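Here the structure is laid out as structure tokens; the discussion comes afterwards.
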Amino acid sequence: MHAMRKRWSRQLAIRALCAVLAISSVGFVLTNSNEAAAIENAPPWAYAMAHDLMSPYCPGRTLAECPSPQATTLRFEILMQAAAGASEDEVRAMLESRYGDVLLAAPRAEGWGLSAYVIPIVFFVLGGPVVFLIIRRLASKGSGEPIPAQGIESASSPTQSEPPSHTDAELERQLEKELAEY
């Protein structure tokens, strides 16, 4: 009798577990189908937003390129909010309030972020004349007189058409000596 009761309670537990799994899987399928329908109805800007924002989970990557599960959840959240009727500005404001300026691909042109735009311009404007003066000073320290264009051509190696003007006898003897030793 005790064995029969034990068997009956085991069967009841298995049936209850199967019922719970069946109900939860139906709920999972319905939830995912509703979410999939919502994602399909999301406006195009919601998909583009993931390419415009930097990922708070993968430094140096956009949200669309980040392979982390948190980034996938965030992309999904953007699509769900857009499908629910939130505007692009509302979604951006929500994300910026949650993550701050980490999401921005470029710093804002205000406050401290303005320095990212001003400093390179200042260095270019002030550095150009400095580089010009340094090059001019180095060029004037040279031989003193500029080399004429004709002098440059005559200093180059002889062309195929004209033979060498003279041969160096010492170099020829050295060459002959080394060839003989070889």
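The values are calculated or read from the model by the stated rules, or taken from the named source; none is laboratory data. Every value quoted in this text rests on a predicted model; they were computed, and no experiment measured them. Glycine also receives a Cβ, built like all others from the backbone with ideal geometry; neighbour counts cover every protein chain displayed.
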(request) For region 83-126, enumerate the residues that are farther than 22 Å from C58 by Cα and in contact (Cβ under 8 Å) with a residue 40 or more places away in the chain. (result) A83, A84, E88
(request) Select from region 83-111 the residues that are surrounded by 14 or more Cβ atoms within 10 Å (Cβ to Cβ) and either among the hydroxyl-bearing types (S, T, Y) or assigned to a helix (DSSP H, G or I) (or both) and list them in ascending order. (result) A83, E88, V91, R92, M94, L95, E96, Y99, V102, L103
(request) May I ask you to verify whether S154 is modelled with pLDDT under 80, in a helix (DSSP H, G or I), of a type in the set (S, T, Y) and loosely packed, with under 10 Cβ neighbours inside 10 Å? (result) yes
(message) One residue is enough: does region 124-144 have a residue meeting the conditions modelled with pLDDT of 75 or more and closer than 30 Å to L53 by Cα?
(response) yes
